[in-house]
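Read through the structure below, which is laid out as structure tokens, and then see the notes.
Each value in this text was obtained by applying a stated rule to the coordinates, not by laboratory testing. As the structure is a computational prediction, the values presented were derived from the model and not from experiment. Ideal geometry is used to build each Cβ from the backbone, glycine not excepted, and the neighbour counts take in all protein chains shown.
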Amino acid sequence: MIETKPKKLAERALLIGLEQDGVSKWDLRDSMEELRELANSAGAEVVDTVTQKLPKPTAPFYIGKGKAEAIKESVQSQGVTSVIFNDELSPAQGRNLENLLSRKVLDRTQLILDIFAQRARSREGRLQIELAQLRYLLPRLTRMWHHLSRQTGGIGTRGPGETQLEVDRRRVQDRIARLERELEGVRKVRSVQRQGRKRHQWPVAAVVGYTNAGKSTLLNLMTGADVLAVDKLFATLDPTTRSFTLPNKQRVLLTDTVGFLRNLPHTLIESFKATLEEVSEADLLIHVVDLSHPRVDEQMAAVDSVVKELDAFGKQTLIVFNKIDLLENPDLASTYCRRFPGSVAISAKSGQGIDRFVDALQSALSAWRLRSHFRIPLSESNLIAELHRVGHVLELRYDNDYAVITAHVPPHLEQKLTGFIAR
């Protein structure tokens, strides 16, 4: 008789949200639904959802003491193993809640970090997620220090009277410093790779969008890449770059990037700078939008917010409304395309509308086939910085008080630079 390995039981999670002043019930409902999707993506079974209305979180327990006591009874009766809060908890709140509930307490940031840890495949991805986890962990060591190894670095590593907590804190800080150095090396390698692309003069289009909008599916369809594309939040983390040849024989490099999210933790953005630099260094952004999602406008705004934080604002952007095959009202695609001139509506899954997307991409990149020469006074530092951020600089030299630049630039930027064109 063959023994079968017992199936690992899923964690049973209770979700908790707070309806604060300035937050509508609709926003809270959507945010809690997204938290449920995140929990499911992490492998948890959501047992129940609890919300409370308060002007602001309370300092000791985030929620009211009475509500916390009621939740304690609920988690015991329902066999809950994890309690997940919709917002980030302070170290004191997390410690108090774990002591009261006798259950694992997570917040939204921890949940996202856990998903990232599950999804990371490349060495770079693992380094980035470990860095984000340690940055999150450092101020919370008094609650979570049992997660760390008790080993120290040998003779001379402990100061007189130094507590174990202080040793752990220093060990985390040392590890963070090592990770930052390793990731700086990754950034340098990526910089060299980008310089190689510039020598080929191939424009780079970064595919950005809300998580689960269909970015990887689009990349697979266009280039034959074998990127994991499933109906889960943050299914892929590691960037993939593939070339695609347009009908006019121009080659473009398409780079898939990690999905964005509302209130994406700042520790993640900082830790994933080596990957997200692909967005800030790209010549064109392809913003993939899940048009079938009920909060499509909020998701678009969230992506725009992250793009601004990455200093990629102002770049030429092609908006692609995806998943039109899932629309109950087909006219919605036309409505959004009118709202956003130059955008296209497609289904990356079925291939519907892909010809329109290719035409739009070719049109958007038409300016990159032309070289422009500029002579800009160094006093116009903001304009020079914008040219570097938005354009594709091929050559730069300095002539006294001027920057002489050869670059590919999108039409809207070339109009601003008309007075500086070198003849």
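Using the basic label-point model (7 angstrom from Cα toward the beta carbon), what is the V192 to A92 distance in nanometres?
A separation of 4.9 nm, rounded to one decimal place.
Taking 0.36 nm per residue of sequence separation and subtracting the Cα-Cα distance, how much length would be gained by fully extending the chain between F340 and R356, in nm to one decimal?
4.3 nm
What spacing in nm lies between the two simple spin-label points modelled at D48 and Q78, each 7 Å away from Cα in the Cβ direction?
0.5 nm
Using a Förster radius of 30 Å, what is the FRET efficiency between S381 and F313 based on their Cβ-Cβ separation? Nearest 0.05, please. Could the numbers behind the result be given before it?
Details: r = 17 Å, r/R0 = 0.58.
So, using R0 = 30 Å, E works out to roughly 0.95.
For a 19 Å ceiling on Cα separation, which of these pairs sit above it: K315/K416; K188/K315; K188/K215; K249/K315?
Details: K315/K416 14 Å; K188/K315 23 Å; K188/K215 26 Å; K249/K315 24 Å.
Beyond 19 Å between Cα atoms: K188/K315; K188/K215; K249/K315.
Under 17 Å Cα to Cα from K56, which aspartates and glutamates show up? Leave out anything in the same chain fewer than 8 places away.
E19, D21, D27, D87, E88, D107
With the crude spin-label approximation of a point 7 Å out along Cα→Cβ, what separation in nm comes out for D174 versus R29?
In this crude label model, D174 to R29 measures out at 5.3 nm.
Relative to the present Cα-Cα distance, how much length would full extension add between R36 and L100 at 0.36 nm per residue of separation?
Taking R36 through L100 to full extension adds about 20.7 nm, to one decimal.
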